[in-house]
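First the structure, in the form of C-alpha cells, and then the observations on it.
Please treat every number below as a calculation from the coordinates, not as lab data. Note that the structure is a prediction, hence the values are computed from the model and not measured. Every residue, glycine among them, receives a Cβ derived from its backbone with ideal geometry; neighbour counts consider all protein chains shown.
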Amino acid sequence: MKDEDELTEAERRALDALPAETRVPAGFEDRVVESLRTRGLLGGTTQPSASPPRRRVLRLGLAAGLFGSGLGAGSVAARRQGTTSQPDVGPLYLLLLYPGPRFVEGRAADEAARVAEYGAWAGRLRRAGQLVGAEKLKEGTRVLEGDTRVDSPEPGPQGYFLIRAQDMTEAEAIARDCPHLRHGGRVSVQAVEA
Amino acid sequence: MQPSRARSSLSSGEARLKEEEVEPADDELVRAFVASRAEEPFRLLFRRHTPALLRLGQRLLGGDAAAAEDAVQEAWIRAVTRLPEFRFESMLRTWLCGFVVNRCREVLRSRGATAPVTAELVSEPTAAPADTARALDLERAVLGLADGYRAVFVLHDLVGYTHHEIAERLEIQEGTSKSQLFLARRALRQRLGGRPVREDRHEG
C-alpha cells in the first residue's frame, strides 16, 4: 500500500474481495425469534405454510426496467435506418452499471417510471448517434483466478452501455447524467483501446 | 448485439414480460410482517439479511463474534419495533445496518479504551476463497485497528458510507471521520508490513 490518503486500485480490489457475509451460528435465529416473542413483538407461532416463501409472478423483467425500451438495440436500428444525427465515429467508451452500496431496486410500481427514465436518457444518446450498444446482465457473476473459481462478495455489473464520445471528459459527462446514479448505483467509465 | 434481437426488443414489449418464481421482495415481507406480526415473514427477512449484519457487527467490534451476535440481536429488536415506520426510501439492508452500527457504537463506547481484539472472525472464514491467506491477513489487519479507526474504515471503505453519514451515525465530526480514515489506512498499511496489498493472480 502506498502511504497516501487514497486507496490504490489494488487496495480497493483487495477490500472488495473480502466476504460481505458470515455464517449465522446455529440457534441464533431461534434465539432472536424468542427474544422478539417475549417482548410481544411477534404474534403466535405460525405454521410454515402461513407465508408462502416463493411464488410465481408475471412481471416486467429488469432488462426492460433498466435497459429495455430497445435501448442499445435502438442504436443499431437507428443507424441502420440512417436516423442518427451524427456519424457514428469517435472513440468508444464502456459504461458499466453496478448496484453500489445504496442502489435501490425498482419496485413493480416504479418499473414503468424507470423504463421511461432510462429510456429517455438512452434515447438522447441514440438520437445523437452515440449509443452503440447496451444490454442488461444477469445476476450470477463467476470470477476465476487461475484455474480456481473464487467467491465474489461484491455484485457484478448489472449491465453496460457502449457509447461514442469525443474524449473521456465527454464520456464521463454522459455517465454523470445516467439515471442509475440517481438510484444509488455506480457507473464506471472506461475507454476501449483502439 | 444481434439485429434480430434488437428488432424483437424494439417491437415487442410483451416479450419482456416473463413468468418467474421469486422470493418475496423485502417490501412484501415487511408489509406481511407488519400486518400480521407473523413469525414466517420475519424469519425470511432474518435469513436474508443477518449474514451481512453479523459480518458488519463482527468487523465493527474487532472480531468479537459473541458481542456481534448480541449487537445484531439488539439491532433486530429495535428494527422490528420500528418496522411500521419504514417507508422504503432506502434499501432495507442499509436501514438495518444502521441499527447494527448504532448498537456497535454503544458497545464500543461502553468498552472505553480497553476493547479486546479477538481472532474469532478470522479463524472462521465462511467463504473459503482460493486466496484465503491474503484475505485473512487483510481481515486480521482490519480487525486489529483501534476501535475508532476501525469503525470509520469499515463504514467508509467496506460499507460505502460517506464521511457525512459516518459523522451522523457515529456522532462525531465529519473532520474527525476524515482524519480517522487517513490514520486507519496508514495504520493498516503499516500492519501489513508496508508491502503493497495486491491481488495474487497465480502468476507462475
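The residue that is nearest to the chain's Cα centre (by Cα), among those in the range A:123-140 that are within 22 Å of A:V192 (Cα to Cα) and in a loop (DSSP other than H, G, I, E, B), is A:L137. Of the residues making up the range B:20-74, just one is under 15 Å from A:L41 (Cα atoms), part of a loop (DSSP other than H, G, I, E, B) and out of contact with any Leu (no Cβ under 7 Å at 6 or more places or on another chain), namely B:A38.
If you go through the range A:143-164 and pick out every residue that is touching a Pro at 6+ places or on another chain (Cβ under 7 Å) and in a loop (DSSP other than H, G, I, E, B), you end up with 4.
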